[in-house]
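What follows is a short report on a single structure.
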Amino acid sequence: MVKIGTTVLLCILSCTVFINCGVKHNPSNPTMNKQNIVEVLRENGHLPIEKQMSLYRKLKETNPEGYNFENEDQVTMYGYGFLWNDQPSEALQVFQLIAEQFPESSNAYDSLGEAYFHLGKKEESLMNYQKSLAMNPDNYNAEDYIERIKYPDKKQETPSELFTKVYSAQAYKEDLDDLSEKLIKTHLGIFKFTTEKDFRNTVEEKKALITDQTTYGTFRWHCNEIIASVNCSHTGMGSFRPEDEMLPTSLRFPLQTVLIDGVLYVSDPLSNTQEVSEKDEISSINGTPLEELINQIYNHIPSQGLIETTKRLHFNKWSTGLISYALGFPDKYTVEIVGKKDPITLIETQSHNDPVVNSPIDGCGEPLCLEIIDSETAVLSIFSFVFYRWNNYNEFVEFINKSFLEIKEKQIKNLIIDVRENGGGAPEASIYLLQHLVDSPFTYFSHGEPINGGGIQLPKENAFKGNQYYLIDGHGSSTTGHFMAMVREMELGIIIGEELGSNQFCTAGQTIFKLKNTRTEFYSANNENRVSVGSVSDERGIFPDHDVAQNIDDYLNKVDVVRDYAIKLIQQ
């Protein structure tokens, strides 16, 4: 088995950092023909950081027209690659270069502040954060760090304290207005799947529910609905994790559940084993019919377009918390069970399993792995495309090269490509994989084309020549949608599973914001990309050729019915 590890990159950066999957395509833009300076730095990553920075300065002095020195964001991300890999000294030198090259950038000094903070140099950190804030008064991230540095002994509020905290109605309403205006200003496709009228009506409806007694937990629930109404998988508030962490166990729905084919099953009775059994079907909770409850919850879960598989998987992961928020945190829960005459009042639980990760996928424990099943069949698992040129793209290239060489040497005839649970990542990684699966040239991007994703892409020498099978699910988003749209367009193989969580169109990148009064953090997509496929609706995901999903028994026993189906299809 071939496998490779990688550092998981978190997109939780300073509030002014822009995380871009690409830039708007402009044929007249001369920078499109320049080599990316970050790629040069990556190619010389074996050099000490001092020499890398000297190389940058030398190239800018001797050949300023040959390289793209204008993209501050990509150099910033190169620096954060060091910071995430626990190399703050190296990150500091990159951020110092950025501040030197972009002296008017508030973000440059914000990044310097963060690097100095990680190095324990609080005085230097404070000075740079103060400079960043002076240049950008909306940099609430800098405000927060300045307070942490000035008042290190100040007790931080716990999640449970935040849950019950109350701000004034005016503060809440100002933040809801701020949230909506930041989304409208930043998100290029904010009214693609909704109308401006409906969006603004949602904001006003949430403001009308605000009172001086509204808790912060309830306020976040309102924010979730506003953000989810945009129907964009790149816009959200942290995948419900902050809301889940602040919710007291005593207020949670005291049953673990799973939604399958519109039926809500009990997957774990928790403290209610005497009244409720595993696999019981719940028809209503506290008098609210199941369909009405699920629709309400779905209104608070972001997804791309009108794709519901993503929402269902999200619900199954966080169900005990989502049900509590949707019902307004009741003190007691009463359920109606199919086949039982009387409603059942549940006992408060002392524990829960959210977030539930009940994946049937028996991977290698890494984001990339190759498994040879028998003399003719192999499974190539690509659980992530998070392999960017400014960080770890070479790891992806090395793994793909090694894997397809082994596939060729072992004369594999059937290749299963598993992209389930793949939330996306770098377009370069998607392109490189496709080059090993096609037999003819192709064009990847048609809109929002990144510099390194343009032009005609050619098949690689070790491109696979046999039968291809693709496994997909509702987790597949962003670049995974691009990848599978190309697979569908070029008819590369048979697709098995459920509707993908994305398609050929992708609102991409992220700009991270904080609201002024409540300091609530959220992120908005800031660009768009589209791959070169035919006219297909942007509202739905890529559909499989064979729709295969778990039933309740498969779920409880963690049976990988999708992979099993692919193997049986090959054997037949």
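The values are calculated or read from the model by the stated rules, or taken from the named source; none is laboratory data. Since this is a predicted model, take the numbers as computed values, not measurements. Here the Cβ is made from the backbone with ideal geometry for all residues, glycine too, and neighbour counts use every protein chain on show.
Within region 203-218, can one find any residue that is free of Cβ contacts under 8 Å to residues at least 24 places away in the same chain, closer than 15 Å to residue 525 by Cβ and part of a loop (DSSP other than H, G, I, E, B)?
no
From 491, 461, which residue is of a type outside the set (S, T, N, Q), surrounded by fewer than 23 Cβ atoms within 10 Å (Cβ to Cβ) and modelled with pLDDT under 95?
The unique qualifying residue is 461.
Take residue 40 and decide whether it is outside the structural domain of residue 455 (by TED's automatic domain parsing) and at pLDDT below 95.
Criteria met by residue 40.
Which residue out of 381, 359 is hydroxyl-bearing (Ser, Thr, Tyr), crowded, with 20+ Cβ neighbours inside 10 Å and closer than 15 Å to residue 471 by Cβ?
381
Looking only at region 457-514, how many residues end up being part of a loop (DSSP other than H, G, I, E, B), farther than 16 Å from residue 525 by Cα and of a type in the set (Gly, Ala, Ser)?
Total meeting the criteria: 6.
Take residue 29 and decide whether it is surrounded by fewer than 20 Cβ atoms within 10 Å (Cβ to Cβ), at pLDDT below 90 and out of contact with any Gly (no Cβ under 7 Å at 6 or more places or on another chain).
Answer is yes for this residue.
Does region 225-250 hold any residues that are touching a Pro at 6+ places or on another chain (Cβ under 8 Å) and not in a loop (DSSP other than H, G, I, E, B), and which are they?
Result: 227, 228, 236, 241, 242, 244, 245, 246.
From 73, 110, grab the single residue that is acidic (Asp, Glu), touching a strand residue (DSSP E or B) at 6+ places or on another chain (Cβ under 7 Å) and assigned by TED's automatic domain parsing to the domain that holds residue 124.
Going through 73, 110 in turn, the sole match is 73.
Rundown of residues vs (1) under 30 Å from residue 73 (Cβ atoms); (2) part of a strand (DSSP E or B), yes/no style:
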| site | (1), (2) |
| --- | --- |
| 330 | no, no |
| 335 | no, yes |
| 374 | no, no |
| 379 | no, yes |
| 388 | yes, no |
| 404 | no, no |
| 407 | no, no |
| 415 | no, yes |
| 420 | no, no |
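Tell me which of these residue 366 doesn't satisfy, since it passes every other one: (1) of a type outside the set (Phe, Trp, Tyr); (2) part of a loop (DSSP other than H, G, I, E, B); (3) surrounded by 18 or more Cβ atoms within 10 Å (Cβ to Cβ); (4) in contact with a Lys or Arg (Cβ under 6 Å, 6 or more places away or on another chain).
Against the list (1) of a type outside the set (Phe, Trp, Tyr); (2) part of a loop (DSSP other than H, G, I, E, B); (3) surrounded by 18 or more Cβ atoms within 10 Å (Cβ to Cβ); (4) in contact with a Lys or Arg (Cβ under 6 Å, 6 or more places away or on another chain), residue 366 comes up short only on (3).
Among the residues of region 540-549, is any closer than 25 Å to residue 238 by Cα, touching a residue at least 12 places away in the same chain (Cβ under 8 Å) and either of a type in the set (D, E, K, R) or out of contact with any Lys or Arg (no Cβ under 9 Å at 6 or more places or on another chain) (or both)?
Yes: one or more hits.
So which residues in region 86-103 are among the acidic types (Asp, Glu) and either modelled with pLDDT of 95 or more or touching a Gly at 6+ places or on another chain (Cβ under 9 Å) (or both)?
Passing the criteria: 90, 100.
Somewhere in region 299-309, is a residue exposed (fewer than 15 other Cβ atoms within 10 Å of the Cβ) and modelled with pLDDT under 95?
Among the residues of region 299-309, at least one is exposed (fewer than 15 other Cβ atoms within 10 Å of the Cβ) and modelled with pLDDT under 95, which makes the answer yes.
Taking helices (runs of 4 or more DSSP H) that do not extend beyond region 79-189, which have at least 2 residues that are among the charged types (D, E, K, R) and in contact (Cβ under 8 Å) with a residue 40 or more places away in the chain?
Once the helices (runs of 4 or more DSSP H) in region 79-189 are filtered for at least 2 residues that are among the charged types (D, E, K, R) and in contact (Cβ under 8 Å) with a residue 40 or more places away in the chain, what remains is 106-118, 169-186.
Within region 258-279, can you find the residues that are outside any loop (DSSP other than H, G, I, E, B) and either over 24 Å from the mean Cα position of the chain (by Cα) or not assigned by TED's automatic domain parsing to the domain that holds residue 312 (or both)?
Within region 258-279, 263, 264, 265, 266, 267, 268 qualify.
So which residues in region 511-525 are surrounded by fewer than 21 Cβ atoms within 10 Å (Cβ to Cβ) and either closer than 22 Å to residue 312 by Cβ or under 14 Å from the mean Cα position of the chain (by Cα) (or both)?
Within region 511-525, 512 is the sole residue that qualifies.
Rundown of residues vs (1) hydrophobic (A, V, I, L, M, F, W, C); (2) out of contact with any Asp or Glu (no Cβ under 8 Å at 6 or more places or on another chain), yes/no style:
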{"residue": "439", "(1), (2)": "no, yes"}
{"residue": "455", "(1), (2)": "no, yes"}
{"residue": "466", "(1), (2)": "no, yes"}
{"residue": "475", "(1), (2)": "no, no"}
{"residue": "488", "(1), (2)": "no, yes"}
{"residue": "510", "(1), (2)": "no, yes"}
{"residue": "517", "(1), (2)": "no, no"}
{"residue": "536", "(1), (2)": "yes, yes"}
{"residue": "543", "(1), (2)": "yes, no"}
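Among the listed residues 158, 194, which satisfies the condition of being over 18 Å from residue 236 (Cβ atoms) and either out of contact with any strand residue (DSSP E or B) (no Cβ under 8 Å at 6 or more places or on another chain) or modelled with pLDDT of 95 or more (or both)?
Going through 158, 194 in turn, just one is over 18 Å from residue 236 (Cβ atoms) and either out of contact with any strand residue (DSSP E or B) (no Cβ under 8 Å at 6 or more places or on another chain) or modelled with pLDDT of 95 or more (or both): 158.
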